[in-house]
Amino acid sequence: MNFSKTLINWYSVNKRILPWRETTNPYCIWLSEIILQQTQVKQGLPYYEAFLGKFPSVFHLANADEAQVLKLWQGLGYYSRARNLHAAAKFIVNDLKGEFPNNYKDLLKLKGVGDYTASAISSICFNEVAAVVDGNVYRALSRYFGIDTPINSSKGAKEFKLLAQELIDAKQPAEFNQAIMEFGAMQCKPKNPDCSSCPFKDSCVALQKNIVSELPVKIKSAKAKKKYFNFLVFISDDKKTVLEKRTGKGIWQNLYQFPLIETKREANFETLLELAKKQDLLKSVNFELTLYNKDTLVHKLSHQHLYTKFWIVKINTNLEKGILIDDIENYAVPILIGNFIEKFEF
DNA sequence: AACACGGGGCA
DNA sequence: TGCCCAGTGTT
């Protein structure tokens, strides 16, 4: 049996039952693919259900506010996905009369849809012969063919895309694409794959050469940078606090946080007090500043390690531009802030 | 080509 | 700890 036949046969026996496998509705497939970018099925599944529940069609999504979309996306990370998803929905409704793009080339014009996602949607929904290359495909192909070109190099991207495009079954592109991804996720796993039960155990180059654990090759990424975050958690007499919207570049764009003072190193009480005054964050004469977490909280992102302190600022006056503490749950916040709110007794 | 962008899970 | 995850957009 050839590669494609063996693969699809394996898939027919081993595939998981997942909600987006029960439909070819492009809106549903699109939503699932965006959610699953750099995200494991287990983590993305509840978000998929929640989004379809709240926004059953592209029209519902387009009519929502971005804040609503971000709130529903809260905790999933890579928030540009949510912003782009919403912008693309509005584009489809307003500029394309609600008609979903039905081919690779036009799908690519949607914000947040790159080569992978355009290939996935066009193949799954419209039977276009467009091979997907995601992390699973890189791993499966690099091992089966014994290819050591770094997968995160432009050379590797081209090489693997071309190979996948040669292998794809032109008669059933949707099955092939989903099969190879599922194979990578369930059988040809990153660590400790069960090669003894693999349908390719007799032809896999990496297995013959005993280099399965060395593939795929990936160029190392830079180490995470340390940052020092100090959040000011205001509590006023009139049961208010202050949240600010993050604008501009960087992490958590358009999400909310407590007023932030970033320092070069861990701040002590005096330093923090001085900086807060200098930045005009403490106008009230009567306030009481206390450190909430004695042990600095370390929140780890892919490229940043955030050493975080929450400073409680009690003021015995009213907060003009604050928000009611009871309304805090309506704002989309990073999980770092969300965890604090959950734990802290206002 | 290199980097930024989250958060969870696993060995 | 380090690596991985149904990647994309920016510089």
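The values are calculated or read from the model by the stated rules, or taken from the named source; none is laboratory data. The structure presented is a predicted model; accordingly, all values stated were derived computationally and were not measured. Counting neighbours? That spans all protein chains shown, and the Cβs are built from the backbone with ideal geometry, glycine included.
Could you list all residues from the stretch A:124-138 that are part of a helix (DSSP H, G or I) and not aromatic (F, W, Y)?
A:I124, A:C125, A:G135, A:N136, A:V137
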All positions within the stretch A:1-56 that are closer than 23 Å to A:C195 by Cβ and within 16 Å of DNA strand B (Cβ to nearest atom):
A:R16, A:Q40, A:V41
In the list A:A140, A:A118, A:A130, A:A89, which residue meets the criterion of being surrounded by 21 or more Cβ atoms within 10 Å (Cβ to Cβ), free of Cβ contacts under 8 Å to residues at least 24 places away in the same chain and aliphatic (A, V, I, L, M)?
A:A118
For the stretch A:29-46, enumerate the residues that are more than 11 Å from the chain's Cα centre (by Cα) and surrounded by fewer than 21 Cβ atoms within 10 Å (Cβ to Cβ).
A:V41, A:K42, A:L45, A:P46
Residue check: is A:F231 surrounded by 15 or more Cβ atoms within 10 Å (Cβ to Cβ), in the same structural domain as A:D326 (by TED's automatic domain parsing) and either within 30 Å of A:V137 (Cβ to Cβ) or not hydroxyl-bearing (S, T, Y) (or both)?
yes
Which one of the conditions (1) in contact with an Asp or Glu (Cβ under 7 Å, 6 or more places away or on another chain); (2) within 12 Å of DNA strand C (Cβ to nearest atom); (3) not basic (K, R) does A:L45 fail to meet, given that it meets all the rest?
(1)
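Would you be able to tell me the number of residues in the stretch A:92-114 that are in a helix (DSSP H, G or I) and either among the acidic types (D, E) or surrounded by fewer than 16 Cβ atoms within 10 Å (Cβ to Cβ) (or both)? Can you show your working first?
Quick first cut of the stretch A:92-114, residues in a helix (DSSP H, G or I) only: A:92-95, A:104-107.
Going one step further and asking which of them are either among the acidic types (D, E) or surrounded by fewer than 16 Cβ atoms within 10 Å (Cβ to Cβ) (or both), we end up with A:94-95, A:105-106.
Of the residues in the stretch A:92-114, 4 are in a helix (DSSP H, G or I) and either among the acidic types (D, E) or surrounded by fewer than 16 Cβ atoms within 10 Å (Cβ to Cβ) (or both).
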If I filter the stretch A:170-185 for residues that are closer than 18 Å to A:K218 by Cα and surrounded by 18 or more Cβ atoms within 10 Å (Cβ to Cβ), do I get at least one hit?
yes
Enumeration of residues in the stretch A:46-88 that are small (G, A, S) and in a helix (DSSP H, G or I):
A:A50, A:G53, A:A62, A:A67, A:S80, A:A82, A:A87, A:A88
Taking the stretch A:245-276 as the region of interest, how many residues are surrounded by 13 or more Cβ atoms within 10 Å (Cβ to Cβ) and more than 24 Å from A:G338 (Cα to Cα)?
3
